[in-house]
Amino acid sequence: MVAPGAPSASAAPPNATTTVRCESDSSGKPPPGGWYHGESASYLYDRRFREGPILSKEQLGRYTPQAIAYWKDWDDSGRDALLIATYVSGGADDRAKIIAVDANTPHRLLGWVMVDKRSAGEMPTHAGGMAIGGGHLFLGGPQESDSIRHYALADVRNALQQKGSISPKGADRKVYGQSFMTVDGNKLYAGRFNLGSRDWMHRYTIKDDGRLETDPKPGGNGKMRYEVPKGTQGVAKAGNTMFFSTSLGRNVRSNFYATDAGETNLDKARPRCFRGPSMSQGIAIDAARNRLFLNYESGSHKFDDRAGDPARNIIRGAHIAKLEDVTSVPGGTLKLGTLQAKKLTDTDKEDEIVVSVEGAPICVKGSDDKCLKHLKLRQGKQRAIDATVQFTGNALVNVTERDNPPDNPHDNLGTEKLTPGAKKGILEFAKGRAVYRLSYEVS
């Protein structure tokens, strides 16, 4: 049984009009107190998050965490639960498992529930997306199905108390994507993970019986959808802020985003982004206690020290942050204008110049509209950079002359730091005989 309603699976990814640079400044050492494994992800992360509920190595011996959901007063006794959805590796029973831990007491297991399949032959859920709302638990359907299933919360409660299993209610709902999801009020947000580029998240209204009704855009022209960052693994909404977690592999740092929830265009949503530990997954909100939970899969047997290639950061559970600490991250929009070569680095006819922001080269379009990561400039000449960068914390702007060898330290013409706030002017980069001037504006 599948309910219709999804847009075409071949919907084109959104086109980025600005570059988002995530703050990555860190000590390069373990975080203060060593509260998570591996190198510090960033100063911004370490100052905002702390250790939350964790799972034991035994619980992660076969299962890999994915989505999380916060369940207030789950058993009518005043206790709050954090549900962690997991998928299994190996064994005859390939059903997903939802593990419940006490949201307020470290290391306290409340129970678990197995997720039944509709038929023995179908694929199990990958459990990437899960959310609670309107008396229902929503979970991604069979892997690769792009469908969402819903379960009665009363059934989930009973199954958790008995360590039993749950079966879906009604028909599967075909959607654009269910790699990640969240609920805010009577609205469910669900979207698609994309390894190579930004993608889309759609919004639905939850009906009393658990059905999902696609929300139209204001004015009724098309479906309500949001741009999401490349590699999005988790989403949550609190008030006027939308949060995203992104991850692209065991050896790559994650990123944590906070954006304006009233904007569907990511470039206009004032994205603030900073680096987090590797392999982040789902996000959950506890509005009553002003908390955000960020889950990790790196503690699984697939990625921890039991595996041949362990994750860069191994975390067996979730981290917690105060909501105000992750909704008030400073940052701004940097517009780079024109680069002028007052004096060349070399005595040759031209220099090859690279302009970088936060360590990443800025792409300048050439005459054939292709991306140029270095510019050839003659003395006295100038070139329009015409690039816009969303930055978090401070923006470090660097100018380097690309020479042979390319990592010659004498070719680094300098780095300037721009802080948030309305300002504009000229940055001058001078070293040796070289002098370059770059116009900019911050808003």
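No lab work stands behind these numbers, since they all come straight from the coordinates. Quick caveat, the model's predicted, so the values are computed rather than measured. Positions of Cβ are backbone-derived with ideal geometry, glycine not excepted, and every protein chain shown enters the neighbour counts.
Express in nm, to one decimal, how much length is gained between Glu51 and Lys417 on full extension, taking 0.36 nm for each residue of separation and deducting their alpha carbon distance.
Full extension from Glu51 to Lys417 adds 128.6 nm.
Where does the chain land at 222 nm, in deg cm²/dmol rounded to the nearest 500, when only DSSP H runs of n ≥ 4 count, each adding -39500 (n - 2.57), divided by all residues?
Mean residue ellipticity at 222 nm (helix-derived): -1000 deg cm²/dmol.
Using the Karplus curve 6.51 cos²θ - 1.76 cosθ + 1.60 with θ = phi - 60°, work out ³J(HN,Hα) for each residue of the stretch 190-199 in order, rounded to whole Hz, and write x for Gly and Pro.
9, x, 10, 6, 9, 6, x, 7, 4, 8
List every residue whose amide H lies under 5 Å from the amide H of Leu248, counting only residues 5 or more places away in sequence or on a different chain, with H placed 1.01 Å from N in the peptide plane.
Close amide H contacts, sequence-distant or interchain: Met279.
Taking θ = phi - 60°, what integer Hz values does the Karplus form 6.51 cos²θ - 1.76 cosθ + 1.60 yield along the stretch 383-399, in sequence order, with x for Gly and Pro?
9, 6, 7, 6, 10, 10, 10, 8, 10, 10, x, 10, 10, 9, 10, 10, 10
If you work out percent of Cα pairs over 33 Å apart from the coordinates, which of [x] 32; [y] 49; [z] 40 do you get?
Comparing each candidate, only [z] matches the computed number.
Between Phe274 and residues 5 or more places away or on another chain, which pairs have amide H atoms under 5 Å apart, with H built 1.01 Å from N, and which residues are they?
Sorted by chain and number, the residues that satisfy this are Glu23, Phe256.
Which loop-located trypsin sites (Lys or Arg not before Pro) does the stretch 154-195 contain, where loop means any DSSP state but H, G, I, E or B and the Cβ has at most 14 other Cβ atoms within 10 Å?
Here the sparse-neighbourhood loop sites are Lys163.
Can you tell me the length gained on complete extension of the stretch Arg433 to Asp325, counting 0.36 nm per residue apart and subtracting the Cα distance?
Extra length from Arg433 to Asp325 when fully extended: 34.4 nm.
Nearest 10 degrees, 0 to 90: what angle lies between the long axis of helix 153-162 and the longest principal axis of the chain (Cα atoms)?
Taking the Cα atoms of the chain, the angle to 153-162 is about 70 degrees.
Which of the peptides 277-287, 114-124, 39-49, 428-438 is most tightly packed, and how do the rest follow, judged by the mean count of other Cβ atoms within 10 Å per residue?
277-287, 39-49, 428-438, 114-124
Which ³J(HN,Hα) values in Hz, rounded to whole numbers, follow from the phi angles of the stretch 49-63 under the Karplus curve 6.51 cos²θ - 1.76 cosθ + 1.60, where θ = phi - 60° and Gly and Pro get x?
Listing the rounded values in order: 9, 8, 5, x, x, 10, 10, 7, 4, 5, 5, 9, x, 10, 10 Hz.
Non-local amide H neighbours of Gly141 (under 5 Å, H modeled in plane, Pro and chain starts lacking H): which ones?
Here Ser147, Ile148, Arg149 satisfy the definition.
With each pseudo-label sitting 7 Å past Cα toward Cβ, what's the Asn265-Ala120 distance in nm, one decimal?
5.4
The stretch 331-442: D in µm²/s via Stokes-Einstein (Kirkwood Rh, Cα pairs, 25 °C, 0.890 mPa s)?
The diffusion coefficient I find is 173 µm²/s.
Pick from Ala288, Ala11, Ala238: which is most flexible by mean-square fluctuation in a GNM of the chain where alpha carbon atoms under 10 Å apart are linked?
Maximum fluctuation in the GNM of the chain, among the listed residues, is at Ala288.
Which of the three applies to the stretch 51-122, rounded, prolate or oblate, going by the alpha-carbon gyration tensor with a ≥ b ≥ c and a/c under 1.5 meaning rounded?
Details: a/c = 2.76, a/b = 1.60, b/c = 1.72.
Oblate, because a/c is 1.5 or more while a/b does not exceed b/c.
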